[in-house]
Amino acid sequence: MTRIKSPAEPFRIKVVEPLRRSTRAEREAALKKAGYNVFGLPAGKIAIDLLTDSGTSAMSDAQWAGIMMGDESYAGARSFFRFEKAVKNLFGFAHVIPTHQGRAAERILFETILKKGDSVPNNIHFDTTRANVEVRGGIAVDLVKDEAYDPDIERPFKGDMDTAKLERLITAKGKKRIPLVMMTVTNNSGGGQPVSLANIRAVSAVCRRHGIPFFFDACRFAENAWFIKRREPGYARKSVAAIAREMFACADGATMSAKKDALVNIGGFLTLNDGDLASRLKNTLIVGEGFPTYGGLAGRDLEAIAQGLAEVVDEDYLEYRTAHVAYLGRLLDESGVPIFKPVGGHAVYLLADRFLPHIPRDQYPGWALTVALYREAGIRAVEIGGVMFGKLDPKTGREVFPSLEMVRLAIPRRVYTASHLEVVAEALIALHKRRDAIKGLRIVEQAPHLRHFTVRMEELA
Ligand code: P70
């Protein structure tokens, strides 16, 4: 199966961490204890962990050196100014506010600008963004183009927003009830697909015409910019950094989880042009996160982010990164394992409803696949489907499911080699052959928001 060539890593390895093996009996016991929720598993019992690409990157020697250089002054630390400069260099907004991670940036933003009953459009909201809108009584609206929900069409920019849907929403709700429009790059809930610059410009034009602020959910901006360079006419000769600047120049601000494309293990920020809003956000920040020159982070974390932002736009890195992820996709696709196409920037998404057609949606086929993959091979993936995004319809009392039922194999940055991906592919191909034996589940216990993190399940007979 290794006829397909894997890309060479553009780094060599200086520090290693042993992988752990476990027996099937240990995994069975761990699953039971965790309530059949892979979030509840101890990482020591996991062989290859593809739960998330968030906060799981391997840092470079230069980042670790930066950790030693961190200035831990409470206010005005040297590390803050280095961080601020690195963010401004790529994002170009006037104000930069550090936060401990992406959802803190979201919380502070929505706490400050969202009123009950307001709508927040996005191409597709990811879990924490949706939750941060909904806990404040807002309505999170997904306006991605319809093609995003078709896992078979190979289009270059399946993260694009439908501007006609956006116009209709603005007409229906009125611009006063839409505090901002967001755009997630790449689109994590829709297969990690990029958004084109043409679409970013079109959405920006609609927002400007109506006077509605436009913000990016920018976690994976560099991977998005790389796809623009590769796929959008006119960008092949522009640098990824220049493309990123062009993307952000269309917007008024961004929330960022630095745990993805800033190549660090913790951190985030808010960055924007509006000075009045920035002052209000900083007031909220001080109450809950910390003083505006550290925002819940240590000085060393700010150093690591500054360095990570410089490394992530390196084009050798991005070429390898996207080819590495695509390599796993090709191994699976060639062997008939159903995946979302094309392969996205940070993950391969399995189509769980096709993988397990015998399990109905209300028995959570995606979740069942994450349980089976761990049980069989010690590999951890995450469900992006009915448990993560299912909703109880208050009228009928029945659960409404998102249109895509997927399992995401998120690839941590600079962590696993091509041989690890081959192990993952072999395990999934074997599991696919024995798929009839996999069982559905029912929910035993769940939280009102972000239930996937803590839900407890039971396997059905
Ligand atoms: C992921 C993690 C985080 C995220 C994101 C987008 C587009 C904001 C955030 C919040 C979350 C996760 C999901 C499943 C398993 C583990 C972790 N995404 N916007 O893996 O950022 O985590 O820093 O608060 O994707 O996709 P933060």
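Using θ = phi - 60° in the Karplus curve 6.51 cos²θ - 1.76 cosθ + 1.60, the 3J(HN,Hα) couplings for segment 366-380 round to x, 4, 4, 5, 5, 5, 5, 5, 5, 4, 6, 10, x, 9, 10 Hz; x is entered for Gly and Pro. Less than 14 Å Cβ to Cβ from residue 299, Lys/Arg counted +1 and Asp/Glu -1: what total charge do the surrounding residues give? With Lys, Arg at +1 and Asp, Glu at -1, the net is -2.
Taken along the Cα-to-beta-carbon direction at a fixed 7 Å, the label points for residue 362 and residue 210 span 3.6 nm.
Taking the DSSP bridge list for the chain and keeping only pairs wholly inside it, about 70 percent are antiparallel.
Excluding same-chain neighbours fewer than eight residues apart, the aspartates and glutamates reachable from residue 45 by a Cα-Cα span under 17 Å are 17, 26, 28, 376. Once the GluC sites (Glu not before Pro) in DSSP loops with at most 14 neighbouring Cβ atoms within 10 Å are cut out of the chain, the longest remaining piece is 155-461.
Dipole magnitude for the chain: computed about the Cα centre from +1 point charges on Lys and Arg Cβ and -1 point charges on Asp and Glu Cβ, it is near 420 debye.
Surface composition of segment 303-461: carbon plus sulfur atoms hold 50% of the accessible area, using a 1.4 angstrom probe and ignoring ligands, DNA and RNA.
Shown in residue order for segment 16-21 are the 3J(HN,Hα) couplings computed by the Karplus curve 6.51 cos²θ - 1.76 cosθ + 1.60 at θ = phi - 60°: 10, 10, x, 8, 9, 9 Hz (x for Gly and Pro). Working value for the chain: equivalent-ellipsoid semi-axes of 33, 27, 22 Å, each the square root of 5 times a Cα gyration tensor eigenvalue, largest first.
Remark: the Cα gyration tensor places segment 422-461 in the oblate category, a/c being 1.5 or greater and a/b not exceeding b/c. Straight Cα distances below 18 angstrom link residue 173 to the aspartates and glutamates 118, 134, 142, 162, with same-chain residues fewer than 8 positions distant left out. Over the chain, accessible surface divided per residue gives 40 Å², non-protein components excluded, 1.4 Å probe. Over segment 152-273, what is the mean sequence separation of C-alpha contacts under 8 Å (at least six apart), divided by residue count, expressed as relative contact order in percent? Averaging sequence separation for qualifying contacts and normalising by length gives 23 percent for segment 152-273. Put simply, the amide H of residue 99, placed in the peptide plane, has neighbours under 5 Å in 268, 269, 270, leaving out anything fewer than 5 places away on its chain.
For the residues 173, 395, a 1.4 Å probe over the protein chains yields an accessible-area ranking, largest first, of 395, 173.
Sparse packing (at most 15 other Cβ atoms within 10 Å of the Cβ) combined with a DSSP loop state is found for none of the chymotrypsin sites (Phe, Trp or Tyr not before Pro) in segment 368-461. Modelled spin labels at residue 9 and residue 239, positioned 7 Å past Cα toward Cβ, are 2.7 nm from each other. Taking the Cβ-Cβ separation of residue 111 and residue 164 as r and a Förster radius of 45 Å, what is the calculated FRET efficiency to the nearest 0.05? Using R0 = 45 Å, I get an efficiency of 0.90.
By definition, a body whose alpha carbon gyration tensor gives a ≥ b ≥ c is oblate when a/c is 1.5 or more and a/b is not larger than b/c, and segment 1-119 fits this oblate description. The 3J(HN,Hα) values that the Karplus relation (6.51, -1.76, 1.60; θ = phi - 60°) gives for segment 106-122 are, in residue order, 5, 4, 5, 5, 6, 4, 7, 10, 9, 10, 3, x, 5, 9, 10, x, 7 Hz. Gly and Pro appear as x.
Put simply, the amide H of residue 384, placed in the peptide plane, has neighbours under 5 Å in 406, 407, 408, leaving out anything fewer than 5 places away on its chain.
Partner lysines whose Cα lies under 24 Å from the Cα of residue 175, excluding those fewer than 8 positions away in the same chain, are identified as 115, 116, 145, 165.
Measuring nothing but how far apart in sequence close Cα pairs (under 8 Å, 6+ apart) lie, relative to its length, segment 243-387 scores a relative contact order of 13 percent. Residue ranking by accessible heavy-atom surface, 1.4 Å probe, largest first, among 71, 261, 333 comes out as 333, 71, 261.
The values are calculated or read from the model by the stated rules, or taken from the named source; none is laboratory data. In this text, all values refer to a predicted model and were calculated from it rather than measured experimentally. We place every Cβ from the backbone using ideal geometry, glycine too, and count neighbours over all the protein chains shown. Calculation scope for accessible area: heavy atoms of the full protein, side chains included, ligands and nucleic acids excluded. Shrake-Rupley method; radii C 1.70, N 1.55, O 1.52, S 1.80 Å.
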